[in-house]
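Here's the structure, in structure tokens; my notes come after.
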């Protein structure tokens, strides 16, 4: 029988995790293979080239472009300071002077005798890449970055916003069906990653920001609340670069959706642990999911395990429905028919049968589900 694999969300109490931490351009790796690192440790550094600004020196001095090189007090590659005179023209026996002043610190990038333009480059921007997770350096990519390996409890969300954070896990609700509301938040949530239940309101996000929480993990959110928080519609863009002061990870979908009990119980079991989290999401080619990573103690030899073989969907697999009318529901696969069947859209597709929690069996196109990997 042909196998079908649907990429899905991984939820695990114990997983061997590997993360690449790569510079945006070549630089210096500051750790060695087998070094132990903490999430906040810097593993690599580089300098991004500064922005380039063009000055029409010929026009400013009132000279021909071909005369500009001879009027420059600074030459190609010279360093310049803000307010420093970089070009000077004298007229009428030196009685009148025209000058060009540098608008910032930087260097002379180019001097053109054809256009009279001078290009100035701002100072380089230093970039540091941190480990993001506790672990061991398993590979070093020379001048580029590293691979970090560890043992973790691990949860992938379905959607998120906000960048990389680290913080202690703190559970705010008793049950995964509970909504996460402002009255549940106090100053004890400062610097914490808050675990909510089925739903987070805009006012609860605002309250979490006020007490300086670092992140929120919750089952669902209303798209109107998300838009109000962000100030714009997400569309199909890659998320994770929003600078809103807090990182948000949604585990189930949009609307009020009870957090999966397996996810909630896992996060509750690790309350008080330090976790790493990000909201990066891309749902098209090159899928990225938001992640909650909770490092757990390990011995280095425990990392030397064989890669798990992907076996695909099978009878008994847990799946999540990712399209209406049953969006967000967790089911168990009961049958994987071979033949194509006609669905509501009048197209022939490969389907599966699955049982929801109340025992009802439903038929779903396989493209409308994702596996929940163990």
- Item | Where residue 74 falls short, out of the listed (1) in a strand (DSSP E or B); (2) over 30 Å from residue 130 (Cβ atoms) | (1)
- Given the conditions (1) within 27 Å of residue 17 (Cβ to Cβ); (2) modelled with pLDDT of 80 or more, and given that residue 313 satisfies all but one, which numbered condition is not satisfied? (2)
- Message: Every residue in the stretch 190-242 that is closer than 20 Å to residue 275 by Cα, surrounded by fewer than 17 Cβ atoms within 10 Å (Cβ to Cβ) and out of contact with any strand residue (DSSP E or B) (no Cβ under 6 Å at 6 or more places or on another chain), please.
- Response: 190, 209, 211, 212, 241
- Among the candidates 69, 103, residue that is more than 30 Å from residue 277 (Cβ to Cβ) and part of a helix (DSSP H, G or I): 69
- Item | Count of residues meeting criterion [under 30 Å from residue 65 (Cα atoms) and part of a loop (DSSP other than H, G, I, E, B)] in the stretch 106-144 | 8
- Name the residues in the stretch 138-156 that are in contact with a helix residue (DSSP H, G or I) (Cβ under 9 Å, 6 or more places away or on another chain) and under 24 Å from residue 227 (Cα atoms), would you? none
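Scan the stretch 282-310 for residues that are outside any loop (DSSP other than H, G, I, E, B) and at pLDDT 90 or above and report the count. Show your work before the answer.
The first filter runs over the stretch 282-310 and keeps only residues outside any loop (DSSP other than H, G, I, E, B), leaving 282, 288, 291-295, 300-303.
Keeping just the survivors that are at pLDDT 90 or above gives 291-295.
So the answer is 5.
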- Query: Within the bounds of the stretch 330-347, is there any residue that is under 29 Å from the mean Cα position of the chain (by Cα) and at pLDDT below 85?
  - Reply: yes
- Per the filter on the stretch 321-356, residues farther than 24 Å from residue 222 by Cα and assigned to a loop (DSSP other than H, G, I, E, B) are 336, 337, 338, 339, 340, 343, 344, 345, 346, 347, 350
- Message: in a helix (DSSP H, G or I) and at pLDDT 85 or above: which single residue out of 268, 258 fits that description?
- Response: 268
- Looking at (1) at pLDDT 95 or above; (2) closer than 19 Å to residue 289 by Cα; (3) in a loop (DSSP other than H, G, I, E, B), find the lone condition where residue 148 falls short. (3)
- Message: Suppose we filter the stretch 167-191 for residues that are in a strand (DSSP E or B) and in contact with a helix residue (DSSP H, G or I) (Cβ under 9 Å, 6 or more places away or on another chain); how many remain?
- Response: 5
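Considering only the stretch 324-352, state which residues are under 26 Å from residue 176 (Cα atoms) and either surrounded by 18 or more Cβ atoms within 10 Å (Cβ to Cβ) or in contact with a strand residue (DSSP E or B) (Cβ under 8 Å, 6 or more places away or on another chain) (or both). So that I can check it myself, show each step before the final result.
Taking the stretch 324-352 as the starting set, the residues that turn out to be under 26 Å from residue 176 (Cα atoms) are 324-334.
Once the filter is applied, which keeps residues that are under 26 Å from residue 176 (Cα atoms) and either surrounded by 18 or more Cβ atoms within 10 Å (Cβ to Cβ) or in contact with a strand residue (DSSP E or B) (Cβ under 8 Å, 6 or more places away or on another chain) (or both), the stretch 324-352 yields 326, 327, 328, 329, 330, 331, 332, 333, 334.
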- Message: Out of 127, 133, I need the residue that is under 30 Å from residue 249 (Cβ atoms), under 21 Å from the mean Cα position of the chain (by Cα), surrounded by fewer than 17 Cβ atoms within 10 Å (Cβ to Cβ) and touching a residue at least 60 places away in the same chain (Cβ under 8 Å). Which one?
- Response: 127
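The values are calculated or read from the model by the stated rules, or taken from the named source; none is laboratory data. The structure displayed is predicted, hence computed values, not measured ones. FYI the Cβ positions are ideal-geometry reconstructions off the backbone, even for glycines, and counts take in every protein chain you see.
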